[in-house]
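K.L.:
Attaching a single structure in structure tokens format; questions to follow.
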Amino acid sequence: TVHTFLARLRCRGYEPEVILFSGINRAVDDLVERRRCGEEAGPVRIIGYSLGGHGACNMAAQLNERGVTVDRLLLVECFSNTTFLSNFCRCLNIF
């Protein structure tokens, strides 16, 4: 389940945030603002599964437009035709 996955990430020192597809625009705005204010400076890592993979690509594209680099983008069973942007350091698409 997603809760087990989140718990495993937390055990490894990550601070995951679940973002629903409908909340992507706000999540991008919030992330950009936190980085602008110096509240957050670490690498951006995005994981998306199925429709969430499409959302993850959308989120990465919006971050690209705002000058934010995505350190890692992991797509699992993403049905989108992904266009890889210049702001990705690493992308793994498992389909």
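K.L.:
Residues to consider are Phe84, Phe95; find the one that is open to solvent by 80 Å² or more (accessible area, probe 1.4 Å), in contact with an Asp or Glu (Cβ under 7 Å, 6 or more places away or on another chain) and modelled with pLDDT under 90.
P.N.:
On the way: Phe84 fails: in contact with an Asp or Glu (Cβ under 7 Å, 6 or more places away or on another chain).
Result: Phe95 is the single residue among Phe84, Phe95 that is open to solvent by 80 Å² or more (accessible area, probe 1.4 Å), in contact with an Asp or Glu (Cβ under 7 Å, 6 or more places away or on another chain) and modelled with pLDDT under 90.
K.L.:
Here's another thing I want to ask about it. What are the residues in segment 15-56 that are over 13 Å from the mean Cα position of the chain (by Cα), in a loop (DSSP other than H, G, I, E, B) and touching a residue at least 24 places away in the same chain (Cβ under 8 Å), if any?
P.N.:
Selection gives Ser50 alone.
K.L.:
Also: Which number in (1) within 15 Å of Cys89 (Cα to Cα); (2) at pLDDT 95 or above marks the one condition that Val32 misses?
P.N.:
Tallying (1) within 15 Å of Cys89 (Cα to Cα); (2) at pLDDT 95 or above, Val32 fails exactly one: (1).
K.L.:
Which of the numbered conditions does Leu9 fail, given that it passes all the others? Conditions: (1) farther than 20 Å from Ile94 by Cα; (2) in a helix (DSSP H, G or I); (3) of a type outside the set (Val, Ile, Thr).
P.N.:
Of everything listed in (1) farther than 20 Å from Ile94 by Cα; (2) in a helix (DSSP H, G or I); (3) of a type outside the set (Val, Ile, Thr), Leu9 misses just condition (1).
K.L.:
Just give me the residues in segment 33-61 being surrounded by 12 or more Cβ atoms within 10 Å (Cβ to Cβ), among the hydrophobic types (A, V, I, L, M, F, W, C) and more than 15 Å from Asp71 (Cα to Cα), in sequence order.
P.N.:
Leu51
The values are calculated or read from the model by the stated rules, or taken from the named source; none is laboratory data. Nothing here was measured: the structure is a model prediction, and the numbers come from that model. Heads up, the Cβs are rebuilt from the backbone with ideal geometry, glycines too, and the neighbour counts pull from every protein chain shown. All accessible areas refer to the heavy atoms of the entire protein, side chains included, with ligands and DNA or RNA removed. Shrake-Rupley method; radii C 1.70, N 1.55, O 1.52, S 1.80 Å.
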